[in-house]
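The values are calculated or read from the model by the stated rules, or taken from the named source; none is laboratory data. In this text, all values refer to a predicted model and were calculated from it rather than measured experimentally. No Cβ is skipped: glycine too gets one built from the backbone with ideal geometry, and neighbour counts run over all protein chains shown.
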Amino acid sequence: MQKKKQVHDLGIHQWILQFSPNYLQDLLRHLNLSGIAIIHEISTLKEINDVKRQLKKVNNWKHQMNENEPVRKGVFQNILIKERQSLKPAAVKKILMELRPLTEIITIECQTAALTKWAITDRRIDLLTFPPHHVKSLVDASTARLIKEHEKFVELPLSHFLSISPAHRISTLRQYMEALERLRKKDSRIIVTSRAQSPLGLRNPLQVRAFLKSLNFTDDEARKIVIDNPTELLRKNLEKLDPRYLLPGMKLITLEEIIDEMTRKVKTLDEEE
Amino acid sequence: MLTTARGKERQRYILVHYFLFHVENTNGKQDHPSTLITDKQLWKTISRTHSALHGDIKSALAGLYIMTHDPSCRLFILRTSLQALDDVITSLTMITKINGIPGVMWPFKISGTLKKCKKIMKKSYSQIIRINQQLKKVTKEIATNQASFLEESKER
């Protein structure tokens, strides 16, 4: 039997925790989602402690797990760093240093070209997001190439299209379509999130795929954006959060694990013979 | 136009679940009459969004028609041509208001036959009722939180 593909929505605000785990499971099943990431917004240095408290709260909620509530395994955390005038690069670095080991995903909202270039090269940042009215100017061909080279993901929040008037929607669509075309040409990776502020902002993968096809993506590309990219990002970052992780492709292993691996290999070789 | 061997246009049936944000209970059991949406209101909402997004000609070609509607469960089956299927789902994605009330539409099953679609609709009743109840509770909490936040900001 073919294994069901896992689909994640990597950006939902904290209202989702008001559901009891069983109902959350029902809702996610109904929406064909296997996991979500809860957003914690941060825009000043003073908020670090608040965010840490929120992260702890969600972690406690996740760890009060019993076998009947597998949904908690699919809840991840996403810190969204929003650039404000008061937030200087040194402050962003401090936020990253403090919060990176505590969370699965770090997103940064790039308001300027300088911050975009810096964020692309920083290994602690996973997702880049852009304000809808600047996305066309910020994502040029060279930025798209850099995003591809540094294996970063670009976020496409659905809420940017839903919570605005039809007149604004046209200009936002135009801005995004040009930026997405550049990203597509360079084969950069895109992730669609809902950024839902309430249940009204939630959309299922079927809707996201149809929406992407309307933005001139092929069926394969849309499938990759909806299914493969979020799973890949999570896999990579969960590996990094492992205490034994050292560097990309390198982690500490015990002697017993090596022996186990060797015996397994010998067994398979014997079976083949 | 995609047609069958007999030259008939190929159709698809989409099972859609919708939800309204302002659901006020009059007696704690039934929904307020203004939140019970009719077939015509649903059709108008969908076709308006579809023509705003894709134009009048494409919406005419889509051949939208509501086959079955259960207002109490907030489920309906929408018929469309196979060619316009993706466009119709995009339109359903973009809907944020249903008959002027903030709401959302989630298409969750696509079928080639009405019979199969109705079968799935019957099967999913209990799950949908449970989800609707919980959604009502959560949206009420969100609305009260928003109201208190607005009051606080006004006071400031």
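Summary table
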| read-out | value |
| --- | --- |
| Out of B:Ile131, B:Ile142, sole residue that is touching an Asp or Glu at 6+ places or on another chain (Cβ under 7 Å), closer than 18 Å to B:Phe21 by Cα, surrounded by 14 or more Cβ atoms within 10 Å (Cβ to Cβ) and not aromatic (Phe, Trp, Tyr) | B:Ile131 |
| Every pair of residues 6+ apart whose Cβ atoms lie under 7 Å, when the first sits in segment A:91-112 and is within 15 Å of A:Leu10 (Cα to Cα) while the second is small (Gly, Ala, Ser) | A:Glu104/A:Ala37; A:Ile105/A:Ala37; A:Ile108/A:Ala119 |
| Identity of the residue in segment A:187-197, touching a residue at least 60 places away in the same chain (Cβ under 8 Å) and under 15 Å from the mean Cα position of the chain (by Cα), that ends up farthest from the other protein chains (Cβ to nearest Cβ) | A:Ile191 |
| So B:Lys109, is it under 20 Å from A:Leu33 (Cα atoms), within 13 Å of chain A (Cβ to nearest Cβ), more than 16 Å from the chain's Cα centre (by Cα) and modelled with pLDDT of 90 or more | no |
| Residues of segment B:87-108 satisfying the condition of being of a type in the set (D, E, K, R) and surrounded by 18 or more Cβ atoms within 10 Å (Cβ to Cβ) | B:Asp87 |
| Members of segment A:145-175 that are touching a residue at least 40 places away in the same chain (Cβ under 8 Å), closer than 15 Å to B:Met94 by Cβ and β-branched (Val, Ile, Thr) | A:Thr172 |
| Helices (runs of 4 or more DSSP H) enclosed by segment A:129-202 - at least 1 residues per element that are among the charged types (D, E, K, R) and surrounded by 15 or more Cβ atoms within 10 Å (Cβ to Cβ) | A:135-138, A:141-149, A:166-185 |
| Enumerated helices (runs of 4 or more DSSP H) restricted to segment B:44-141, each holding at least 2 residues that are under 17 Å from A:Leu31 (Cα atoms) and touching a Pro at 6+ places or on another chain (Cβ under 8 Å) | B:85-94 |
| Residue match in segment A:1-12 (condition: aliphatic (A, V, I, L, M), crowded, with 18+ Cβ neighbours inside 10 Å, closer than 24 Å to A:Thr231 by Cβ and modelled with pLDDT under 85) | no |
| Test: residue in segment B:75-96 that is on the phi > 0 side of the Ramachandran plot and in contact with a strand residue (DSSP E or B) (Cβ under 9 Å, 6 or more places away or on another chain) | no |
| Index of the failed condition, B:Phe76 passing every other in (1) within 15 Å of B:Tyr13 (Cβ to Cβ); (2) aromatic (Phe, Trp, Tyr); (3) within 8 Å of chain A (Cβ to nearest Cβ) | (3) |
| Residues located in segment A:3-46, provided they are in a strand (DSSP E or B) and of a type in the set (Val, Ile, Thr) | A:Ile12, A:Ile36, A:Ile38, A:Ile39, A:Ile42 |
| Residues located in segment A:137-172, provided they are out of contact with any Lys or Arg (no Cβ under 8 Å at 6 or more places or on another chain), of a type in the set (D, E, K, R) and at pLDDT 90 or above | A:Glu149, A:Glu155 |
| Residue satisfying condition, being within 14 Å of chain B (Cβ to nearest Cβ), within 12 Å of A:Leu158 (Cβ to Cβ), at pLDDT below 90 and over 20 Å from the mean Cα position of the chain (by Cα), within set A:Leu200, A:Leu215 | A:Leu200 |
